[in-house]
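Novice: Here it is, the structure, as structure tokens.
None of the figures in this text is laboratory data; all of them are computed from the coordinates on show. Just so we're clear, the structure is a prediction, and the values are computed from it rather than from any experiment. Note that each Cβ is placed from the backbone with ideal geometry, even for glycine, and that neighbours are counted across all protein chains shown.
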Amino acid sequence: MYTLAVRREFIARHFLIGGNWGAENFPNSHHYVLELQLEGAELDQHGYLVDIVDVEKHLDETVNYYKEQMLNDKPEFTGLNPSIEHFSRILATTLSERIRAKNISALKVVLWEHANAWAAFRVDRLKS
């Protein structure tokens, strides 16, 4: 199984809801590190798992949507605590919908909130 990974760093803001989370109950910023991992068993005719330029375009568009924004204000977070768990799922599903390479069997987002905490979400694709 081949894996290709691309990383991006960005800052976004949020505040947690529904509990006593201390300082996290108030608007604060995080320096996120997003690692996108793409997996597949077969390479294309050029010896690539996927066109990295295409992947970077979709990754940059997605990151730029959240960069310097308040996550709580984004419609996809309506009714949700903007935790790194929810954020990693939202990022993974969004990127899975945009990156359409046929030989990708799985896509995973690992999202670091700081040096000691990360969450991940994996989307498995069925072969058609």
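Novice: Those residues that are in contact with a helix residue (DSSP H, G or I) (Cβ under 7 Å, 6 or more places away or on another chain) and either in contact (Cβ under 8 Å) with a residue 60 or more places away in the chain or hydroxyl-bearing (Ser, Thr, Tyr) (or both), I need them from segment 11-28; list them, please.
Specialist: HIS14, PHE15, LEU16
Novice: Hey, ARG89 hits all of (1) part of a helix (DSSP H, G or I); (2) charged (D, E, K, R); (3) closer than 23 Å to TYR2 by Cβ; (4) within 12 Å of the chain's Cα centre (by Cα) but one; which does it fall short on?
Specialist: Here ARG89 meets the rest and fails (3).
Novice: Does segment 11-27 hold any residues that are surrounded by fewer than 16 Cβ atoms within 10 Å (Cβ to Cβ) and assigned to a strand (DSSP E or B), and which are they?
Specialist: Correct list: ILE11 only.
Novice: Separate question: Given the residues LEU36, LEU43, which is the only one that is closer than 19 Å to ALA117 by Cβ, in contact (Cβ under 8 Å) with a residue 24 or more places away in the chain and either surrounded by 14 or more Cβ atoms within 10 Å (Cβ to Cβ) or over 15 Å from the mean Cα position of the chain (by Cα) (or both)?
Specialist: LEU36
Novice: Only one of ASN81, ASN103, ASN72, ASN64 is assigned to a helix (DSSP H, G or I) and either touching a Pro at 6+ places or on another chain (Cβ under 7 Å) or in contact (Cβ under 8 Å) with a residue 60 or more places away in the chain (or both); which?
Specialist: ASN72
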